[in-house]
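Coordinate-derived values only; no laboratory data. Every value quoted in this text rests on a predicted model; they were computed, and no experiment measured them. Because the Cβ atoms are built from the backbone with ideal geometry, glycine has one as well, and the counts that use them run over all protein chains shown.
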Amino acid sequence: MSRSIPHLKSQFLQRLSEIVGEPGLVSDAQQKDDHDTDWLKKWHGRSCAVVRPASTQEVAQVMRLCHETRIPVVTQGGNTGMSGGATPDESGAQLILSTSRLRSIREVDPLNNTITAEAGVLLAHVQEAAQEVNRYFPLSLGSEGSCTIGGNLATNAGGVAVLRYGNTRDLALGLEVVLPDGRIWNGLRALRKDNTGYALRDLFIGSEGTLGVVTAAVLKMFPRPVARVAAWVGCDSMENLLALLALSRDVCGDRLVAFEMLTQASVDLILQHITDARRPLENAHKFHALVELADTHENGLAEMLEGTLEQAMAAGYVEDAAVGLNIAQRQAFWKIREGISQAQVRAGKAIKHDIALPISKLPRFVADADAAVKKVKPDACIINFGHMGDGNLHFNVLMPLDTPAADMSKAVKQLNRVVHDLVHEANGSISAEHGVGQLRRDELRNYKSSVELDLMMQLKQSLDPNQIMNPGKLL
């Protein structure tokens, strides 16, 4: 028996090589290790091989082989996920299917405002392709230079423009998907109306590679904004920040593209650890917001934002504000917002919570969660920031860098339960934009109803009866 296992593996690798050729099979140990470990260095696995098909047909052949041999498959895009959803386990039995060679932009249609891109195309390249035809693809993430469209779809990625344009799900019209048995579903329809049956597209978006392999997508483009203006605002309460958001929506309509929130503790952390970040307002404030407007016309945008802030100050919602009228000023604001992740890494070990709640419930949640965390960890440093405009907070607790592993593990379990119980009570979600992956899989059972879990398992069993698609993730 001990001789037959290597023999079977050798046969499997030989058949893979015949399908994808030498460039499509990763054999270098260092390259393979890069795929076996997530970019956070938090999850480490050991795959049996890394295969890189160059076409949808090659993906289909690989999946057919894995279906026949019952080899588990972990689909991987840019490997930039935050929840361990694209990392294999340590068994050495799972195959990584990388979409890195599916890099074609098949069609750009400015009249229909659509772009058809393969799964391995970098998000930044989709943005650039849209810009070349004077159009705009609004999905924007910190990892856009290395994350892929397939990964964005698999996790239903969010980002900073969700308030105006929606999540990745809202930006996709059609998909091409290779099913676990190797069949190809061609759902690449560039249609905004199609009432011909179930919305199969939405089954695969956000499924984290557990139902099939997304190989291409038809994505929406929009008219390109030519004018942008931003403001940094200080408020003394979450309630006042919420009132500013409501006022901004009423006055600015869909010109409001971003409303980002940071607490003073978050701003202080950034100023301490990001060398080129500058204090946006002279005085400290309990809560800060970065507000951005964009439009396809130059005229009147700055006046609209300034008028909104004047109304907010008159109503007592805003204590202070600075308006960024030029690119340098806006970039300085965004430098602060985007510096939070790196600042946390440098300052300590973060217990992260990527949560979503109804916007109206945010003030009560923040007050209750602050108190509940302090009750468990009186000296805890709470770093609360996020996309307030769409209800997505990153409610993190920062532990010292020298916290022992055992103490860290205990704190993670305690604080996750405290925070997520409050999220559940508010009918929120414990994973807003990062996905479930390995990170939240077990916790999900505490917060999903038995009916919902049963429906998900039935879908999984129907599409993947051999249970080969990304085992140990999501479900």
Mind running the shape call on the stretch 338-475? Use the C-alpha gyration tensor, a ≥ b ≥ c as the square roots of the eigenvalues: rounded below 1.5 for a/c, prolate if a/b tops b/c, oblate otherwise.
-> prolate
Simple spin-label model, 7 Å along Cα-to-Cβ: Ser450 to Asp379 in nm?
-> 4.5
Mind checking the angle between helix 405-425 and the chain's longest principal axis? C-alpha axes, 0 to 90 degrees, to the nearest 10.
-> 70
Hz values of 3J(HN,Hα) by residue in the stretch 159-166 - Karplus curve (6.51, -1.76, 1.60), Gly and Pro given as x = x, 8, 10, 4, 3, 8, 10, x
So, in Å, what gap is there between the alpha-carbon centers of the stretch 406-451 and the stretch 197-228?
-> 26
Ser409 and Asp442 label points (each 7 Å along its Cα→Cβ direction) are spaced in nm at 1.0
Based on Cβ point charges of +1 for Lys and Arg and -1 for Asp and Glu, what charge dipole magnitude is obtained for the stretch 4-98 about its Cα centre, in debye rounded to the nearest 20?
-> 180
Contour minus Cα-Cα distance for Asp194 and Ala93 (0.36 nm per residue) | 32.3 nm
Once a ≥ b ≥ c are taken as the square roots of the eigenvalues of the Cα gyration tensor of the stretch 227-341, is the result rounded (a/c under 1.5), prolate (a/b larger than b/c) or oblate (a/b not larger than b/c)?
-> oblate
Each label sits 7 Å from Cα toward the beta-carbon; between Asp28 and Lys335 the label points are separated, in nm, by 3.5
Computed FRET efficiency, Cβ-Cβ of Gln14 and Gln311, R0 56 Å: what is it to the nearest 0.05?
-> 0.20
Relative to the first principal axis of the alpha-carbon coordinates of the chain, what is the inclination of helix 56-69, with its axis defined by its Cα atoms, in degrees from 0 to 90 and to the nearest 10?
-> 60
Using r as the Cβ-Cβ distance of Leu271 and Arg103, and R0 as 56 Å, what FRET efficiency do you calculate, to the nearest 0.05?
-> 0.90
Quick one: longest stretch of the chain between exposed loop GluC sites (Glu not before Pro), exposed meaning at most 11 other C-beta atoms within 10 Å and loop per DSSP?
-> 1-281
Looking only at trypsin sites (Lys or Arg not before Pro) in DSSP loops with at most 12 other Cβ atoms within 10 Å, what is the longest site-free stretch of the chain?
-> 279-475
Pairing the Cα long axis of helix 362-376 with the longest principal axis of the chain, what angle in degrees results, from 0 to 90 and rounded to the nearest 10?
-> 80
Of the residues Ser98, Leu415, Leu357, the Cα lying farthest along the dipole of the chain towards its positive end, which is defined by charges on the beta carbon of Lys, Arg, Asp and Glu, belongs to Ser98
Pick out, from Ser431, Ser449, Val373, the residue whose Cα sits farthest towards the positive end of the charge dipole of the stretch 360-449, with +1 on the Cβ of Lys and Arg and -1 on the Cβ of Asp and Glu.
-> Ser449
With charges only on Cβ, +1 for K and R and -1 for D and E, what is the dipole size of the stretch 372-475 about its Cα centre, in debye, rounded to 20?
-> 220
Looking at the square roots a ≥ b ≥ c of the eigenvalues of the Cα gyration tensor of the stretch 324-402, which shape do they give, rounded for a/c under 1.5, prolate if a/b is larger than b/c, or oblate?
-> oblate
FRET E, pair Glu128, Arg417, Förster distance 30 Å, beta-carbon r, rounded to 0.05 | 0.10
Evaluate the charge dipole of the chain about its Cα centre and quote only its size in Debye, nearest 20, assuming +1 on the Cβ of each Lys and Arg and -1 on the Cβ of each Asp and Glu.
-> 1100
